[in-house]
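Novice: Structure below; questions to follow.
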Amino acid sequence: MAVAINATAVLACFLTSACTKHQTLGAAITERDSMPIMTTLGVVTFVSDSGITRYRLDAEEWLVYDRKKPSYWAFEKGVYVEQFDTLLNIEATIKADTLYYYDKEKLWKALGNVEIVNLKGDKFLTSLLYWDEDKKRIYSDRYIRIEQPDRVIEGIGFESNQEMTAYEIKDMSGNFYVTEQEKEILPPDTTQTMPTDSLLL
């Protein structure tokens with residue numbers, strides 16, 4: 001009988017202790033905004049806009065924070081995005097170390113080693129990039145390097161349409177390669193390196 005009483009006492013003590021710990025843990029988490037509502041690993045997903053598929057997204061991890069202000073999706077272990085036109089042709093690709101999508105604002109923020117390739121094959125390299133879906137604009141205030149078949153352009157700050165085909169670069173410099181035919185019409189002192197404050201391409 002004594003053994004049974006002791007076992008019951010121990011069990012009661014254990015349950016009381018477990019309940020106390022559970023209550024303490026519950027009290028410590030007063031707001032759920034610090035926890036993602038969804039965690040998905042090994043993601044391949046398509047994102048649509050007005051019923052039209054516009055993006056294909058590959059990521060190792062996808063976290064959704066619906067209670068944050070503002071709410072956002074987090075891709076903090078690398079991401080690859082393809083952007084489609086209405087006929088599902090690839091308009092551009094984006095790689096980044098980290099990507100955040102603010103769903104209410106429809107704003108993407110890419111960080112780290114950001115690389116964009118447009119339809120023409122031009123490559124854009126920067127460390128910070130914003131993409132505003134509503135305004136259909138891509139922009140940054142950071143250093144950017146643009147690699148084209150015939151030249152390399154560098155600058156600080158740029159703005160572009162979302163297809164990355166028409167853009168403005170600020171505080172620009174670059175190496176411009178001149179053909180033999182162009183050399184015949186250029187002044188003798190023309191240099192292939194052309195610094196300028198702003199350039200529309």
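Novice: With 10 angstrom as the radius, rank 160, 48, 71 by how many other C-beta atoms surround their C-beta, starting from the fewest. Present the calculation step by step, with values, prior to reporting the outcome.
Specialist: Values: 160 23, 48 10, 71 16.
Listing 160, 48, 71 from fewest to most nearby Cβ atoms yields 48, 71, 160.
Novice: Take 164, 35 and order them by how many other Cβ atoms sit within 10 Å, fewest up front.
Specialist: Working: 164 23, 35 11.
Ordered by Cβ neighbours within 10 Å, fewest first: 35, 164.
Novice: Here is a further query. If the cut-off is a Cα-Cα distance under 24 Å, which lysines reach residue 120, setting aside same-chain residues fewer than 8 apart in sequence?
Specialist: 95, 109, 135, 136, 170
Novice: Then there's this: Can you give me the pair-distance distribution of segment 39-109, C-alpha pairs, 10 Å bins, whole percents?
Specialist: With a bin width of 10 Å, the distribution comes to 19, 52, 27, 1.
Novice: Calculate one ³J(HN,Hα) per residue across segment 81-91 by plugging θ = phi - 60° into the Karplus curve 6.51 cos²θ - 1.76 cosθ + 1.60, and present them in order as whole Hz with x for glycine and proline.
Specialist: 10, 10, 9, 10, 8, 5, 9, 6, 7, 6, 8
Novice: For residue 129, which sequence-distant residues (separation of 5 or more, or a different chain) have an amide H within less than 5 Å of its own amide H, given hydrogens modelled in the peptide plane?
Specialist: 110
Novice: Let me ask another. I'd like the FRET efficiency for residue 88 and residue 152, computed as 1/(1 + (r/R0)^6) with the beta carbon distance as r and R0 of 30 Å, rounded to 0.05. Don't skip to the end; give the middle numbers.
Specialist: Values: r = 32 Å, r/R0 = 1.05.
So the FRET efficiency works out to roughly 0.45.
Each value in this text was obtained by applying a stated rule to the coordinates, not by laboratory testing. Predicted, not measured: the structure shown is a model, and the values here were computed from it. No Cβ is skipped: glycine too gets one built from the backbone with ideal geometry, and neighbour counts run over all protein chains shown.
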